[in-house]
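One structure is given below, encoded as structure tokens.
The values are calculated or read from the model by the stated rules, or taken from the named source; none is laboratory data. Bear in mind the structure is a predicted one, so any value in this text is a computation, not a measurement. FYI the Cβ positions are ideal-geometry reconstructions off the backbone, even for glycines, and counts take in every protein chain you see. For accessibility, only protein heavy atoms count, side chains too; no ligands or nucleic acids. Shrake-Rupley method; radii C 1.70, N 1.55, O 1.52, S 1.80 Å.
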Amino acid sequence: MSSVKIENLDWVTYKSLTESGQCRIILPVGAIEQHGPHMSLNPDVLIPSHIGEKVAERSHNMLVAPAISYGYKSQVKSGGGNFFPGTTCVSGASLENYVFDVLQAYVNHGNREFILINGHFENSMHLCEAADRLVNKCKGEGISIRIYLLSYWDFISDETIEKVFPDGFTGWAVEHGGVLETSIMLKLHPELVDMSKAVDVEPATFPPYDVFPPDPSWVAPSGTLSSPLNSTPEKGEMILEECISGIVSHLN
């Protein structure tokens with residue numbers, strides 16, 4: 001297979017690879033969201049896209065669909081909030097329907113198995129709903145499909161967490177724009193990271209509730225929920241390898 005990326009294939013090649021349902025389709029789903037002054041707006045798209053391509057390259061009969069770049073609204077306690085310039089999000093209903101329609105199109109091509117790789121925490125439940133709706137619709141039409149939904153960070157082991165966060169891990173919820181994403185981006189796209197602009201902040205703490213409209217004072221002015229200063233490309237490489245190999249081992 002010359003390319004695992006669907007958009008790089010001609011339609012005849014794509015048809016021959018997929019029409020009998022022998023291929024599994026990976027769909028990365030991310031978000032356009034601020035990640036602090038030191039990093040671009042698109043880590044949530046670039047990271048799952050890269051992971052998807054590497055998983056497909058190490059597997060058999062997998063293709064990677066173009067990523068869905070716009071995700072569900074950034075939430076204060078996991079993404080800093082939807083009020084930062086550049087954060088460009090959609091409603092849950094829009095995301096659910098869009099993912100549903102895209103997967104339906106791939107089902108119409110003959111595909112029967114899908115892997116959604118999520119790169120944006122807030123997307124999760126809306127992807128669940130899209131997957132559940134499509135499985136039930138196809139079942140009613142006598143078509144059997146299977147959809148796997150995963151977030152790449154769930155494949156990171158406690159041992160790796162200890163190496164990446166030797167001073168203690170405060171949890172994934174406050175890793176927005178912190179060491180995890182910054183390290184991965186330093187490995188994948190160092191041209192999109194400027195550590196001279198990185199802001200040192202204490203891990204965010206929040207009350208045990210949300211409030212609407214969201215309160216910007218809950219978030220540091222940088223938009224990050226923890227400090228990215230200890231990020232390195234070596235940590236990024238370690239994280240990526242564990243995520244990629246873990247997904248391959250579970251799904252092959």
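So how far apart, in nm, are the two label points at GLU141 and TRP11 if each is 7 Å from Cα heading toward Cβ?
That separation, rounded to one decimal, is 1.9 nm.
Explain nothing, just compute: Karplus ³J(HN,Hα) = 6.51 cos²θ - 1.76 cosθ + 1.60, θ = phi - 60°, for every residue of the stretch 209-216 in order, whole Hz, x for Gly and Pro.
Rounded to whole hertz, the list is 7, 9, 9, 10, x, x, 9, x.
If I take R0 = 22 Å and measure r between the Cβ atoms of ARG133 and ASN108 in this structure, what FRET efficiency does the formula 1/(1 + (r/R0)^6) give, to the nearest 0.05?
With R0 = 22 Å, the Cβ-Cβ based efficiency is 0.90.
Could you order ARG58, ARG112, ARG24 by accessible surface area, starting with the largest, using a probe radius of 1.4 Å?
Of ARG58, ARG112, ARG24, the descending order of accessible area is ARG58, ARG112, ARG24.
Of the DSSP beta bridges with both residues in the chain, give the percent that are antiparallel, rounding to the nearest 5.
Beta bridges within the chain, antiparallel portion: roughly 10 percent.
Kindly provide the Kirkwood hydrodynamic radius of the chain in Å, to one decimal, from all pairs of distinct alpha carbon atoms.
Averaging 1/r across every pair of different Cα atoms and inverting gives 18.8 Å.
Return the subset of LYS73/LYS187; LYS54/LYS187; LYS5/LYS54; LYS163/LYS235; LYS15/LYS54 for which the Cα-Cα distance in this structure is over 18 Å, preserving the input order.
Exceeds cut-off: LYS73/LYS187; LYS15/LYS54.
Which residue, LEU225, LEU103, LEU17, has the most motion in a Gaussian network model of the chain that connects Cα atoms within less than 10 Å?
LEU17
Quick one: 3J(HN,Hα) in Hz for the stretch 53-68, Karplus 6.51/-1.76/1.60 with θ = phi - 60°, rounded, Gly and Pro as x.
Couplings: 5, 5, 4, 5, 5, 8, 10, 10, 6, 10, 10, 10, 7, x, 5, 8 Hz.
Across the stretch 69-82, in residue order, what do the Karplus-derived ³J(HN,Hα) couplings come to in whole Hz, using 6.51 cos²θ - 1.76 cosθ + 1.60 with θ = phi - 60° and x for Gly and Pro?
With the stated coefficients, the stretch 69-82 comes to 8, 9, x, 5, 3, 4, 9, 4, 7, 9, x, x, x, 8 Hz.
The stretch 21-77: D in µm²/s via Stokes-Einstein (Kirkwood Rh, Cα pairs, 25 °C, 0.890 mPa s)?
The Stokes-Einstein estimate is 197 µm²/s.
Whole number in Å², please: accessible area per residue of the stretch 99-173, 1.4 Å probe, ligands, DNA and RNA not counted.
51
Quick one: putting +1 on the C-beta of Lys and Arg, -1 on the C-beta of Asp and Glu, what dipole do you get for the chain around its Cα centre, in Debye to the nearest 20?
With only Lys, Arg, Asp and Glu charged at Cβ, the dipole is about 740 debye.
Would you pull out the residues with amide H under 5 Å of ARG24's amide H, same chain only if 5 or more places away, H placed 1.01 Å from N?
HN-HN under 5 Å from ARG24: MET62, LEU63.
What FRET efficiency would be calculated for the residue pair LYS163, LEU192, taking the C-beta separation as r and a Förster radius of 35 Å, to the nearest 0.05?
Approximately 0.90, to the nearest 0.05.
Taking H placed 1.01 Å from N in the peptide plane, check which residues at least 5 places from LEU149 or on another chain put their amide H under 5 Å from its amide H.
Close amide H contacts, sequence-distant or interchain: LEU116.
What size of dipole, in debye to the nearest 20, comes out for the stretch 164-225 about its Cα centre when the only charges are +1 on Lys and Arg C-beta atoms and -1 on Asp and Glu C-beta atoms?
The dipole magnitude comes to about 100 debye.
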